[in-house]
Amino acid sequence: MSDPPRPAWTQAGEGLDVGDAPRLDELTPEWAWGGADGAGVRIAVIDSGIDAAHPRLDDCVDRDAAVSFAVRNGEVVRSDGPHDDSFGHGTACAGIVHSIAPAARVTSIKVLGNGLQGKAAAFHAGLTHAIDAGFDVVNLSLGTRKRDWALAFHDVCDRAYFGNSFIVTAANNVQRRSFPSLYASVASVACNLDDDPLRFHVNPEPPTEFLARGIDVEVAWLDGQTIRTTGNSYAAPHIAGIAALIRSKHPGLRPFQLKTVLWATAANVRERSSVPVAGKLTRAMNR
Amino acid sequence: MTSVARPVLDAIVAAAVDVTAASVGWLLMIDDEDLVVVAAAGGSDPQARLGERVAVSGVAGLVISSEQAAAIDTPPSDTSNVGAGGLDGNPAGVLAAPCGDDDVLGVLELARPQGSGPFTVDDIEEATLLARVAGAALAELDDALATVPSPGELAAGLERLAVAAPARYAVVARLLASLFEADR
């Protein structure tokens, strides 16, 4: 008897190997990242640069792999090699990632602070470079509001998702459009009200999918100093760091599975609790 | 600056200072690769800095580059913030929010002195809301500035009129020409 006709993309599901994929009820923080330190994982921080010599970074930054993108005379210009941090923001994000996944290697892709022209173009070029270079985790504590760039960012984020790079983005600090944080192919993060860096939540109302520590956080900054600061920018690298731990322990997980593990290990899923929301305007709009 | 935009922008900055319990606030507009102080409120003499050009650095620079609001407790030795120049000593906290929608036209920056608490998520939300209002006013201002003819264009137009209707415009054209001559 011949096989029944089926669409060209159909496969017999029984024969597909999913490796040692656990059942949902087996997904716990201990299974996900217990004993992991981020070893073997490469993280790209696309931001304002990183002060690689900052004492909080313990030499985790791969200086020679650093790349900077700027727009000059309408053209995106790439510069390879070490660079500084224009504002402190990239160093802050790298410090958070390193504090959670200390053995992971961090690379700076600088797209902010090289002038005010063509910021979205430089940002897009930096993200494309990160995906082409196959980074395991990409932290984007920035976004663009320009609709003209929406499709271009959508394409590169889809390419990352299917190409096995896990992109973590900060949602805008207030409820307004920001690309690529609105896309399903990335993990978009806002602040919760917790002090515990490993305690995060799932947002039941996407596109922001996860909530992590981002309020009054002590972070590395310019000139070897530390400051206290607040914003979704600092929540995203917490999830990026946790994703690095998970990828370190389970390198075979793809972005879809990684998101599922994050969902299953989120505090409000494990505890069946609701999530307190920061910001009185946000609360009013959610009512 | 147009006479309409100025009091509107001053009122927005004053409201932002008030609702966030900041001590001083400025509205900075992007002009080429710099920022220009176009409105101010709070402090002992906030108007003194109007028209001042500052580099795109510190928290204001970060906000304009990242298009996201930011609130930081400034380390005492960090003088890169615009707010640092408006207080006695460095500010304890700086909050900045981008003005504009698709395009960021400027930044609303607020500062608190040493000894006061940090800015909160509520402060960020309120400042962002007011910065969006300021963005609409800045867009009007930007349009108004873009449609004002340059002195050269004005002189050329008057010269054309002087040729077409000398009895009416010749004196004005001569005056303008003499002014340009005096400038050279």
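The values are calculated or read from the model by the stated rules, or taken from the named source; none is laboratory data. Owing to the predicted nature of the structure, the values given are computational and were not obtained by experimental measurement. All Cβ positions, glycine included, derive from the backbone under ideal geometry; neighbour counts span all protein chains shown. Keep in mind that these areas ignore ligands, DNA and RNA; they rest on the heavy atoms of the full protein, side chains included. Shrake-Rupley method; radii C 1.70, N 1.55, O 1.52, S 1.80 Å.
Structure notes:
- The stretch between A:R147 and A:R78, if pulled fully straight at 0.36 nm per residue, gains 22.4 nm over its current Cα-Cα span.
- With protein chains left intact and a 1.4 Å probe, residues in the protein assembly as shown average 45 Å² of accessible area per residue.
- Peptides A:187-198, A:226-237, A:95-106 ordered by average Cβ neighbours within 10 Å, highest first: A:226-237, A:95-106, A:187-198
- Under-30-angstrom lysine pairs by C-alpha in chain A, whenever the two are 8 or more apart or on separate chains: 10
- Test item: Cα-centred dipole of segment A:25-286, Lys/Arg +1 and Asp/Glu -1 on Cβ, debye: 800
- Taking each residue as 0.36 nm, the span from A:D17 to A:E205 lengthens on full extension beyond its C-alpha to C-alpha distance by 64.4 nm.
- Point-charge dipole on Cβ atoms (K/R +1, D/E -1) for segment A:95-188, about Cα centre, debye to 20: 380
- Legend: calculated FRET efficiency, A:E26 to A:A133, from the Cβ-Cβ distance at R0 = 25 Å, rounded to 0.05, equals 0.15.
- Whole-percent carbon and sulfur share, accessible surface of the protein assembly as shown, 1.4 Å: 54
- Three-way shape label, segment A:25-286, alpha-carbon gyration tensor, a/c 1.5: rounded
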